[in-house]
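Okay, structure first, notes after.
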Amino acid sequence: MYIRKQRLLTPGPTPLYPPALRAMMASDIHHRTAEFRAIYKAALADLKEVYGTRNDVLCFTSSGTGALDASVSNLFSRGDKAIVCSAGKFGERWVEIAQAYGLDATVLQAPYGDVVTPDRVESALRAEPGIKGVFVQASESSTGAEHDVQAMASLVRDTDAIFVVDAITGLGTMPLDVDGWGLDVVVGGSQKAFMIPPGLAFMSVSPKAWKHSETATLPHYYFDLKKEKKNGDGGESSWTPATSLVLALGEALRYIRQMGMADLVANAQVLARATREACTALGLELFARRPASSVTAVKAPAGMDSGVIVKGFKERFGAVITNGQGSMKGQIFRLAHLGYFDITDMFGIIAGLELILRANGHNVELGKGVAAVQRIYEAAQSAPKLAAAQSNPVVPVLC
């Protein structure tokens with residue numbers, strides 16, 4: 001019997017940053033004390049720095065979906081006209097939230113694996129000048145696709161609409177210039193590139209979005225942005241917070257700040273590029289037409305159910321990867337790159353994939369995919385910024 005480490009290779013939850021995990025052990029602390037207020041205020045300040053924004057950043061004890069819900073219930077009224085971009089399971093979640101709150105939503109739908117293009121958003125804005133909000137996924141992790149957030153933002157910025165971005169898997173994996181591009185609401189989640197367990201949701205709120213809140217009439221209670229802003233300024237959450245996760249968040253944010261958000265994004269992009277090159281070298285086809293750096297979605301070989309590959313990783317290597325969702329189940333598998341992943345993880349993942357494909361009848365030359373990862377790694381090391389950062393022992397670089 002060989003040693004088999006359990007490995008989480010999914011786009012959320014993701015592998016945990018060890019110092020953050022250790023910080024959670026100090027969670028026997030009362031949340032209405034000066035000690036915890038200092039910790040909470042520091043975490044909110046660090047979130048703003050990592051987001052790269054001057055806008056308010058709020059924190060909720062919830063999954064990311066809680067913050068998505070709050071962005072609608074606090075900033076809109078029943079019957080408000082909105083544009084919802086939907087190109088996967090999480091785009092469909094935006095549609096469901098909009099419908100639940102009675103928004104008059106124009107849904108711009110794209111097939112799984114594709115994205116909603118900015119020109120479609122532009123046409124929809126022109127067709128209906130009364131649009132109050134535009135909703136989009138930065139990174140659609142169900143399909144491994146990435147929307148052109150910057151181009152969409154440039155179209156929304158000069159209208160009365162606010163631009164609401166689900167960046168739960170986009171933060172830390174793709175460039176997002178919150179203030180420069182005019183992203184009014186940007187939602188994040190703890191279990192993605194922030195490298196801690198599920199349970200915290202984050203939201204940046206622009207002045208334009210706050211103005212919307214002044215006339216919004218939808219009901220809300222737990223997710224109250226104004227209350228959360230007021231209490232956060234004093235170092236408290238409105239409700240009992242997940243103290244252990246806030247402690248973990250402080251450590252993770254310290255790590256990201258030391259590394260630099262740009263390098264965290266670069267890490268994900270290098271791993272994604274290496275994965276795409278490796279899978280192509282193994283004769284596999286990528287699923288997304290505009291691939292994201294958070295997760296790579298790959299079509300299973302003809303005649304093979306992708307569940308065989310998922311099962312192979314679990315049974316042979318104790319590793320958890322993800323199948324396709326919804327109608328894509330059995331057709332694609334997904335390999336994650338966000339957060340606490342490094343290039344060594346990718347060597348092992350691709351080597352394991354080669355063995356699983358080979359064992360199931362897909363003609364694979366062992367080492368061909370791994371060699372592609374090695375080439376991408378060598379090219380990344382020649383980049384001056386990464387090479388300089390890697391020589392600094394205080395700031396570890398994932399790739």
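List the residues, sorted by chain then number, that are 5 or more residues from Leu200 or on another chain and whose placed amide H is less than 5 Å from its amide H. Long-range HN contacts for Leu200: Ser62, Ser190, Gln191.
In sequence order, the stretch 195-203 has phi-based couplings of 6, 10, x, x, x, 10, 10, 10, 8 Hz under the Karplus curve 6.51 cos²θ - 1.76 cosθ + 1.60, θ = phi - 60°, and Gly or Pro positions carry x. Of the GluC sites (Glu not before Pro) found in the stretch 142-242, those in coil by DSSP whose Cβ has at most 15 other Cβ atoms within 10 Å are Glu214. What part of the accessible area of the stretch 6-103, given as a whole %, is carbon or sulfur when the probe is 1.4 angstrom? Here it works out to 53 percent. Couplings for the stretch 291-300, taken from phi via the Karplus curve 6.51 cos²θ - 1.76 cosθ + 1.60 with θ = phi - 60°, read x, 8, 9, 7, 7, 9, 9, 10, 6, 5 Hz in order; Gly and Pro are left as x.
If you plug the beta carbon distance of Leu21 and Arg257 into 1/(1 + (r/R0)^6) with R0 = 25 Å, you get a FRET efficiency near 0.85. Each residue of the stretch 41-46 was assigned a 3J(HN,Hα) from its phi angle through the Karplus expression (A = 6.51, B = -1.76, C = 1.60, θ = phi - 60°), giving 4, 5, 5, 5, 5, 5 Hz with x at Gly and Pro.
Partner lysines whose Cα lies under 21 Å from the Cα of Lys211, excluding those fewer than 8 positions away in the same chain, are identified as Lys48, Lys81, Lys132, Lys226, Lys227, Lys229, Lys230. Annotation: amide H of Thr143 has no partner in the under-5 Å range at sequence separation 5 or more or interchain, hydrogens built in the peptide plane.
Once the 1.4 Å probe is applied to the protein heavy atoms, the stretch 247-328 comes out at 37 Å² accessible per residue.
Carbon-plus-sulfur accessible fraction, the stretch 312-391 (probe radius 1.4 Å, protein heavy atoms only): 52%. Using a probe radius of 1.4 angstrom, the carbon and sulfur fraction of the accessible surface of the stretch 146-222 is 54%. The residues of the stretch 1-53 expose on average 63 square angstrom of accessible surface per residue, using a 1.4 Å probe on protein heavy atoms. Amide H contacts of Ala319 (H built 1.01 Å from N, in plane; Pro and chain starts excluded): Arg7, Lys314 sit under 5 Å, all sequence-distant by 5 or more or on other chains. Think of a 1.4 Å ball rolled over the protein heavy atoms: the stretch 129-192 then has 23 Å² of accessible area per residue.
The values are calculated or read from the model by the stated rules, or taken from the named source; none is laboratory data. What you are looking at is a predicted structure, and each value in this text was computed from that prediction instead of being measured. Note: ideal-geometry Cβ built from the backbone for every residue, glycine included; neighbour counts use all protein chains shown. With ligands, DNA and RNA removed, areas are computed over all heavy atoms of the protein, side chains included. Shrake-Rupley method; radii C 1.70, N 1.55, O 1.52, S 1.80 Å.
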